[in-house]
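Engineer: Quick one: structure below, then a few questions.
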Amino acid sequence: MIQETGHAALGEWESFYIIVGSSAAALTGLQFVVITLIGEGQSRASSNGAIGAFATPTIVHFCAALFFSVVMSAPWPRLSEPAFVIAASGAVGLVYTATVTWRATHQTAYQMVAEDWIWHVTLPVVVYATQLVAGLLLSRFTLVALFATAIASLLLVYIGIHNAWDTSTYMVAQRLKREKDDETGAVEPPPPAPAPAAKPAATADASR
C-alpha cells in the first residue's frame with residue numbers, strides 16, 4: 001500500500017515535470033549564442049577556460065533538469081528505484097560543481113564577483129545537495145522529498161537562464177566597449193612630424 005501511494009504521488013507530478021523538462025530542453029539553445037559570443041570576444045586559450053567555467057555548466061544544469069523530469073515521470077514500479085537515481089545524480093552534480101569551481105577560479109578571461117559565486121557555485125551546490133537528500137528520503141518522506149526535488153529541478157532552469165543571460169550581456173557589453181575604443185583610436189589625429197634640425201653654424205658658413 002505504501003508503494004502504491006508513492007507511485008500515485010509520482011503520477012500527480014507528471015504535468016509539472018513535462019513543463020520543466022520541455023523548458024530546459026528548449027532553453028539549451030541559448031548556449032549556442034553564449035558560446036558564439038565567448039568565442040568571438042576572447043582569445044582561443046581564454047575562450048576555452050571561459051566556456052568550461054561558465055558556458056558548459058549551464059548546459060549541464062539544463063540537461064540535469066531534463067534528466068530529473070524524465071526520471072520523475074517514468075513509470076517506476078517502486079519508489080526505491082527513482083530514489084537511488086535522484087540521489088546518485090545529486091552526488092554527481094556536487095562533484096561536477098566542485099570541478100566547475102576549480103575551473104572558474106583558474107581561468108583568466110574573467111574575474112568572478114559575488115553574484116557569480118552565488119549563481120555559478122552556491123546555488124548549484126544547494127540544488128544538487130537537495131537532490132541528494134531528497135533521493136535518500138524519497139521512500140520515507142515521500143511528499144516532502146517530492147516537493148524538494150521539484151523546487152530543485154525548477155531552480156536549475158532558473159540558474160541556467162540567469163547564467164546564460166548574464167554571460168551574453170557581459171560579452172555584448174565587452175564587444176561594444178572594444179568597438180568604441182577602436183573608433184576612438186581611429187579618429188585620433190596623427191602625431192605632428194618632428195621639426196627639421198637647424199644646420200650647424202660651421203656648415204652654414206662653408207656654404208657661403
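The values are calculated or read from the model by the stated rules, or taken from the named source; none is laboratory data. Just so it is clear, the structure is predicted and the values come from calculations on it, not from any experiment. Please note: Cβ atoms are built from the backbone with ideal geometry, for glycine as well, and neighbour counts cover all protein chains shown.
Engineer: Of all residues in region 56-85, which are touching a Phe, Trp or Tyr at 6+ places or on another chain (Cβ under 7 Å) and of a type outside the set (S, T, N, Q)? Steps first, please.
Structural biologist: The first filter runs over region 56-85 and keeps only residues touching a Phe, Trp or Tyr at 6+ places or on another chain (Cβ under 7 Å), leaving 60, 69, 72-73, 82.
If the condition is that a residue be touching a Phe, Trp or Tyr at 6+ places or on another chain (Cβ under 7 Å) and of a type outside the set (S, T, N, Q), then V60, M72, P82 are the ones that fit.
Engineer: Here's something else I'd like to know. Just checking, which of V133, V113 is out of contact with any Gly (no Cβ under 7 Å at 6 or more places or on another chain), exposed (fewer than 13 other Cβ atoms within 10 Å of the Cβ) and not charged (D, E, K, R)?
Structural biologist: V113
Engineer: Which of the residues belonging to region 68-97 are more than 26 Å from the chain's Cα centre (by Cα) and aromatic (F, W, Y)?
Structural biologist: W76, F84, listed by residue number.
Engineer: Can you name the residue in region 118-154 that is touching a residue at least 12 places away in the same chain (Cβ under 8 Å) and part of a loop (DSSP other than H, G, I, E, B) and, of all such residues, is farthest from V85 (Cα to Cα)?
Structural biologist: S139
Engineer: I've got another one for you. Looking only at region 114-160, count every residue that is out of contact with any helix residue (DSSP H, G or I) (no Cβ under 6 Å at 6 or more places or on another chain), β-branched (V, I, T) and under 27 Å from G29 (Cβ atoms) and tell me the total.
Structural biologist: Residues that pass the stated criteria total 4.
Engineer: All but one of (1) of a type in the set (A, V, I, L, M, F, W, C); (2) at pLDDT 80 or above; (3) within 30 Å of K177 (Cα to Cα); (4) over 12 Å from the mean Cα position of the chain (by Cα) hold for A45; which doesn't?
Structural biologist: (2)
Engineer: H120 fails exactly one of the following numbered conditions: (1) at pLDDT 95 or above; (2) surrounded by 13 or more Cβ atoms within 10 Å (Cβ to Cβ). What is the number of that condition?
Structural biologist: (1)
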